[in-house]
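Have a look at the structure below before the remarks.
The values are calculated or read from the model by the stated rules, or taken from the named source; none is laboratory data. The model shown is predicted, which means the values in this text are computed figures rather than measured ones. Every residue, glycine among them, receives a Cβ derived from its backbone with ideal geometry; neighbour counts consider all protein chains shown. Note: accessible area is taken over every heavy atom of the protein model, side chains too, but ligands, DNA and RNA are not part of it. Shrake-Rupley method; radii C 1.70, N 1.55, O 1.52, S 1.80 Å.
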Amino acid sequence: ADVQMTRKRIEPSTNLIKAGERATYVLEFKNNGPSSALGVTVDDSFSFAPGDTGFTVVSITPSKAGATCSVAAGSQITLAAPTFSCNLGTLANLEEGSVSLVVRPNFKAGNAQRSVSNNAHIATSSVENPAGGDNGNNRQAATLTIDPAALNLLVNKTDVRDPVGFLLGNTFLDYRVAVSNVGPSYGTGVIITETMTPPAGKK
């Protein structure tokens, strides 16, 4: 058998996003045969610089039915745990497939631009070359550039009851505060502060 990592691509194709935006890694592979490849695994290892907060996994989708992966939605890929893997089982002669990983780069203190390289690798328990080795076609690399995060938070406040009737000891003011983020980055740690200042002598 001869398993091959045929291609690795990042969407968007510019390989450039802002922190908090989504990027999709697509790992494409094939068994060139002529035998079936047994015990096939695909792994991807990311190279984070010190202080990088890594990625949040949004989704991971292997095309191979029955495949299992070591990460799921909500998992963190970080400097301390920079690798994920998928067990694909058997690939028949000339069978092709892919693993699609959608991630969201986490905010990093200082909000500076950064780059993250990674290396995808496919392996099989079957013999690929009687002389040893993997025929030199089992890896593909890519680099993602991450620009500083950019958020656009909007707030709108509505006086729901206006005018307000007066009932001694039982008058309520009803305000509704709506907040939205039109991005493009994902917002974390967002805090809404509401300050009410009654007229002098009132409370």
What tally of residues in segment 24-42 results from selecting those that are of a type outside the set (Val, Ile, Thr) and crowded, with 21+ Cβ neighbours inside 10 Å?
5
Taking strands (runs of 3 or more DSSP E) that do not extend beyond segment 1-53, which have at least 2 residues that are within 23 Å of GLY89 (Cα to Cα) and not β-branched (Val, Ile, Thr)?
3-11, 23-31, 37-47
For segment 91-105, does any single residue satisfy the condition of being more than 20 Å from PHE55 (Cα to Cα), open to solvent by 30 Å² or more (accessible area, probe 1.4 Å) and hydrophobic (A, V, I, L, M, F, W, C)?
yes
Looking at segment 134-161 only, could you name the residues that are among the β-branched types (Val, Ile, Thr) and either surrounded by 15 or more Cβ atoms within 10 Å (Cβ to Cβ) or at pLDDT 95 or above (or both)?
THR143, THR145, ILE146
Tell me which of these SER13 doesn't satisfy, since it passes every other one: (1) surrounded by fewer than 18 Cβ atoms within 10 Å (Cβ to Cβ); (2) hydroxyl-bearing (Ser, Thr, Tyr); (3) closer than 28 Å to GLY66 by Cα.
(3)
Just one listed residue, out of ALA81, ALA131, is part of a loop (DSSP other than H, G, I, E, B) and at pLDDT below 95, and it is ALA131
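Has segment 102-123 got any residue that is under 30 Å from LEU38 (Cα atoms), small (Gly, Ala, Ser) and within 18 Å of the chain's Cα centre (by Cα)?
yes
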If you take the residues of segment 51-64 that are surrounded by fewer than 16 Cβ atoms within 10 Å (Cβ to Cβ) and at pLDDT 95 or above, which of them is nearest to GLY136 (Cα to Cα)?
SER63
Checked pairs for segment 40-69, first among the basic types (Lys, Arg), second open to solvent by less than 20 Å² (accessible area, probe 1.4 Å), C-beta under 7 Å and 6 or more apart or across chains, list as LYS64/LEU88; LYS64/GLY97
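For segment 162-175, state whether one or more residues are in contact with a Gly (Cβ under 6 Å, 6 or more places away or on another chain) and open to solvent by 90 Å² or more (accessible area, probe 1.4 Å).
No, every residue in segment 162-175 fails to be in contact with a Gly (Cβ under 6 Å, 6 or more places away or on another chain) and open to solvent by 90 Å² or more (accessible area, probe 1.4 Å).
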